[in-house]
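The values are calculated or read from the model by the stated rules, or taken from the named source; none is laboratory data. If you're wondering where the values come from, they're calculated on a predicted model, not measured in any experiment. Because the Cβ atoms are built from the backbone with ideal geometry, glycine has one as well, and the counts that use them run over all protein chains shown.
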Amino acid sequence: MGNTTPEEFELFRSECLRWLKFFGLTDWGVHFVHEPLEDNYAEVRVCGLSDRTAVIAFSSECEEDARQHMDIKRTAFHEVWELFLHPLCYIGQCRYVQPKEFEYAVHAIIRTMENTVWPVLMKEGRL
């Protein structure tokens with residue numbers, strides 16, 4: 001078992017912050033930790049959905065073979081998407097859900113894409 005470095009953690013953290021800003025998830029209070037994780041390179045722990053607080057953890061321990069193949073930037077992108085989709089997943093796991101709640105969650109995601117990805121694609125002439 002090897003250790004990930006503070007520099008790798010900082011790269012992970014800065015990439016997460018980059019994607020949080022890019023996707024407009026600035027209303028989340030996110031705390032980053034560098035600690036041992038059981039089975040993942042990284043994970044998201046939502047502390048409070050109503051106040052939109054979360055912890056994004058980057059593993060301080062990693063098998064040497066796995067570490068050689070770890071893409072820190074892609075891992076950060078993945079964890080931000082976990083956070084982005086959490087409200088929708090939460091609704092899907094609730095025992096009683098009103099159809100409007102699901103519709104609101106879906107449209108919140110769509111609106112975020114319209115406000116972030118759409119302008120970039122327009123500027124690049126892809127649309």
Could you tell me which residue of the range 1-46 is farthest from T75 (Cα to Cα), considering only residues that are among the charged types (D, E, K, R) and under 15 Å from the mean Cα position of the chain (by Cα)?
D27
Expected single match for in contact with a Lys or Arg (Cβ under 7 Å, 6 or more places away or on another chain) and closer than 26 Å to V117 by Cα among E79, E15, E43 is E15
For the range 29-69, which residues satisfy the criterion of being modelled with pLDDT under 95 and among the aromatic types (F, W, Y)?
Y41
Within the range 103-127, count every residue that is without any contact (Cβ under 8 Å) to a residue 40 or more places away in the chain, in a helix (DSSP H, G or I) and in contact with a Leu (Cβ under 8 Å, 6 or more places away or on another chain).
5
Only one of L121, L85 is among the aliphatic types (A, V, I, L, M) and over 15 Å from the mean Cα position of the chain (by Cα). Can you tell me which?
L121
